[in-house]
Amino acid sequence: MRDMSLYTRVTAALAPLSGLNMINPEVLANACARGTEIHKLCDAVIEGFGTPEVHDDWRGYLNSFLLFEQGKKFMRKPPRLFCDKYMITGEIDGLYKDGDEIILFDLKTPLRESKTWCLQLSAYWHLCKVNDIKVEKIIAVKLDKNGKPPKIFEYKIDFEAYVECLNVYNRFFKNKGTYEELDLL
């Protein structure tokens, strides 16, 4: 078992850039709770447990995910991934096959795209790479709260930019207690 305290979560290094510290803490806590529940519901669908009962406030997000998952060949989600070189860790939302390509996806529930999503997914791509999972594409799947088809954001992998952010985080923010580590926003 690895000592998690030695590793930086992928999202922690991006927190200073995300603007999350400017959001009302109660609103942020509600968004985090929503994201956690939506992810659990989507995992249940992917794992073949059928469509679970869902709170009315979250039904649209689940319906949006159900539109996304149609025809996808989902792969088993790996456990938390680690990179000893950069001392980072992360848990990906999922993988699916599209022909011969493996697509890494991250589910999102905010109203707008974040500029940090590309970097987060690039770091997840790197974690997959060092753990022998060959990913060809990275996408963010912004689920629609009203149940409409999700918006798909495909990104160019830019792990070097993530490393730059990680270096700044390690130098100026790590262990300062300024930002919460939120995986689901």
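Laid out as a table, the results:
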item: Cβ-based net charge around Phe159, under 13 Å, with every Lys or Arg adding one and every Asp or Glu removing one; result: 0
item: Extension gain, Asp3 back to Phe74 (0.36 nm per residue minus Cα-Cα distance, nm); result: 22.6 nm
item: Loop-located GluC sites (Glu not before Pro) in segment 14-104 whose Cβ has at most 11 other Cβ within 10 Å (DSSP); result: Glu47, Glu53
item: Gained length - Glu26 relative to Val168, 0.36 nm times residue gap less alpha-carbon distance; result: 48.3 nm
item: Local net charge near His126, Cβ-Cβ under 11 Å (Lys/Arg +1, Asp/Glu -1); result: 0
item: Amide H partners (placed H, <5 Å) of Gly94, local residues excluded; result: Phe105
item: About the Cα centre, charge dipole magnitude for the chain (Lys/Arg +1, Asp/Glu -1 at Cβ), debye; result: 240
item: Top positive-direction residue, dipole computed over segment 73-177 with Cβ charges, set Pro78, Gly147, Ile157; result: Gly147
item: Val130-Asp56 FRET efficiency (beta carbon distance; Förster radius 30 Å; 0.05 resolution); result: 0.10
item: DSSP H segments from the chain that extend 15 Å or more along their own axis, Cα-based, with Kyte-Doolittle mean of 0.5 or above; result: 117-130
item: In segment 6-83, the trypsin sites (Lys or Arg not before Pro) that fall in loop regions by DSSP, at most 16 other Cβ within 10 Å; result: Lys72, Arg76, Arg80
item: Separation of the Lys137 and Leu66 label points, Cα + 7 Å toward Cβ, nm; result: 2.5
item: Local net charge near Pro110, Cβ-Cβ under 13 Å (Lys/Arg +1, Asp/Glu -1); result: +4
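FYI, it's all coordinate maths here, none of it is from the lab. These numbers come from a predicted model, not from an experiment. Don't worry about glycine lacking a Cβ; one is built from the backbone with ideal geometry, like all the others, and counts go over all protein chains shown.
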